[in-house]
Amino acid sequence: MSDRLENIFINFANSQEELLSQMNLSKEEFVENAKKWSQTEDGKLEIQKFILNQEIDDLKSEIAEIEKNIAKKEESIKEIDAELAKLSGDNNG
């Protein structure tokens, strides 16, 4: 197995400790299993698929967080617009 592939497994394991814990796997166990799986063609593909799915889930979580922040900022803008409208109404009265 290439050092590059092993580094991918290690980096993934380091970034996904919580997920691995939920799967009752230590980082070391995951890396060892991944090394074994990567020795077969279907194993390589399954590992790639698994990692890509996790990366997609991570991106979806990041997107959800960004969307939540956008919604908060949009709400702040609405509050500012309402305050501006009140001020404009006070000046015309």
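Structural remarks
- Taking every lysine pair in the chain that is 8 or more places apart or spans two chains, those with Cα atoms closer than 16 Å amount to 9.
- Å² per residue, accessible surface of the chain at 1.4 Å: 79
- A Gaussian network model of the chain, with springs between Cα atoms under 10 Å, assigns the largest mean-square fluctuation among 80, 66, 56 to 80.
- Axis angle, to the nearest 10 degrees, between helix 41-92 and the longest C-alpha principal axis of the chain: 10 degrees.
- Report note on the peptides 7-14, 82-89: ranked by the mean count of other C-beta atoms within 10 Å, highest first, their order is 7-14, 82-89.
- Principal-axis tilt of helix 3-15 within the chain, Cα atoms, nearest 10 degrees: 50
- Protein heavy-atom surface of region 1-80, 1.4 angstrom probe: 52% of the accessible area is carbon and sulfur, with nucleic acids and ligands not counted.
The values are calculated or read from the model by the stated rules, or taken from the named source; none is laboratory data. For clarity, every value in this text was computed on a predicted model and none was experimentally measured. All Cβ positions, even for glycine, are placed from backbone atoms using ideal geometry, and neighbour counts span all protein chains on display. With ligands, DNA and RNA removed, areas are computed over all heavy atoms of the protein, side chains included. Shrake-Rupley method; radii C 1.70, N 1.55, O 1.52, S 1.80 Å.
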